[in-house]
1. Set the Förster distance to 41 Å, then compute FRET efficiency between Glu385 and Ser277 from the Cβ-Cβ distance, nearest 0.05.
2. Within the accessible area of the chain, what % is carbon and sulfur when the probe is 1.4 Å and the other protein chains stay in place?
3. So, counting K/R as plus one and D/E as minus one, what does the shell of residues with Cβ under 12 Å around Leu320 add up to?
4. Between Ser186 and Lys162, how many nm apart are label points set 7 Å from Cα along the C-beta direction?
5. Rounded to the nearest 5, what % of the DSSP beta bridges within the chain are antiparallel ones?
6. Non-local amide H neighbours of Arg76 (under 5 Å, H modeled in plane, Pro and chain starts lacking H): which ones?
7. Return the sequence-ordered ³J(HN,Hα) values of the range 277-287 in whole Hz as given by the Karplus equation 6.51 cos²θ - 1.76 cosθ + 1.60 applied to θ = phi - 60°, using x for Gly and Pro.
8. Hey, what's the range 3-111 come to in accessible area per residue, 1.4 Å probe, Å²?
Amino acid sequence: MSTSLLYHSFGIRGYRQTRIEPTGGVTRFHVHPNEKSICCSSCQSSNVIKRGVTQREFRCSPIGLKQTVIVGTLPRLQCRDCGVVRQIKVGFADARRSYTKNWANYALQLTRSMTIKDVADLLGVTWDVIKEIKKNDLRRRFANPSLKDVRWIAIDEICIGKGHRYVTLVMNLDSGAIIFVGDGKSAESLVPFWKRLGRRRHRIEAVAMDMSSAYISAVRGNLPKADIVFDRFHVAKLMNEKLTTLRRQLYQEATADEKSVLKGSRWLLLKNPENLSEDRDEEAHLAAALQLNEPLATGYYLKEELRLFWGHTFRWPAQLFLRSWCRRATATGLSPLKTMAKTLTRLEEGLLSYFKHRISSGPMEGTNNKIKTLQRQSYGIRDREYFELLLYSLHQKKYALVG
Ligand SMILES: [Zn+2]
């Protein structure tokens, strides 16, 4: 193989090939550095004396189905200028690595569409070698995400693995990128984030979060200018829980005939009416349950009405709407609805902030689903730094979902 092929196929420059040794499934290319490229690795002086040689092997990208290995005969040099005695610097591989940069690049390309395990099996190396290559690339591209133009964020916690370990995530809602991963799920978890934000914390305009969030007071204390925006999907979820409680209470008091109608109505009550299936007569079943039981009907229609809150254009009509809703929910005398009204009244400010910022934790929920898939596929989450880097890279599609 000529010098130019060494360069173009393997990215090796300044070496000449002396011998090709095909053994089994592996082809070994023996190479020596060109005399004129030999210099001190410390000061680049060519005023050097050879002090013996060592042979090192480096994996290369395969040719056809054959694995290839570069066997470099590398002199140790004593430098007459700076006095250092050292092996020559190998330009085609990173320090202490037994593969060429070219091969690492090839492996990295493969990880974009295959799992780490598949790439490792294909290339005949261990899982850790490929993970390390991917980790270095992620580190180069995603370590320390920029907080420069962050204005709207979402904060949420997720459960990692099976050990009930939690991490707190902060997302930049403009870019969809995770910008912070903190250990645990308490206000403490965010302390490093506030530190990293520094003075930029005054530029954060709004934070989307869950109504039951443990981060509310931490956000109020650390982001003086930010509005808290409670997420609409969490409001819907809470309302559904209240309706389920109400149905359970009514079911317990019902006669045997009523029970048979109420049975199976739980999911119908929670479904949005436009999603009821005609084929399975869901509409008729729901109507029968509602007709039979007035309190249940009241709860159901209040749930449906609450969804209209988010359709308002301006804050003040939304406020009137919410207050009217809470008054009527309280007036029903039904305890789950009264509790809901109390909660919404207490959190009114955070609900109305939606009409100023129009943000939600929706993108965060989407990312949580991606993370769940990632956890199922990736063995790498035990490596804290690697997992964090994967999260920072999630918004870039080509990395998503391949562990
Ligand atoms: Zn030197």
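1. The value I calculate is 0.30.
2. 50
3. Working: positive: Arg315, Arg323, Arg327; negative: Glu348.
After counting each charged neighbour, the total is +2.
4. Result: 2.7 nm between the two label points.
5. Details: 37 of 51 bridges.
Looking only at bridges with both residues in the chain, the antiparallel portion is about 75 percent.
6. Under 5 Å from the amide H of Arg76 lie the amide H atoms of Arg51, Gly52, Val53, Thr54, each far enough along the sequence or on another chain.
7. 8, 6, 4, 8, 6, 5, 4, 5, 4, 5, 4
8. On the way: 6090 Å² over 109 residues.
For the range 3-111, the per-residue accessible area is 56 Å².
The values are calculated or read from the model by the stated rules, or taken from the named source; none is laboratory data. Note that the structure is a prediction, hence the values are computed from the model and not measured. So basically every Cβ, Gly included, is an ideal-geometry build from the backbone, and we count neighbours across all protein chains shown. What goes into the accessible areas is simple: the full protein's heavy atoms, side chains included, and nothing from ligands, DNA or RNA. Shrake-Rupley method; radii C 1.70, N 1.55, O 1.52, S 1.80 Å.
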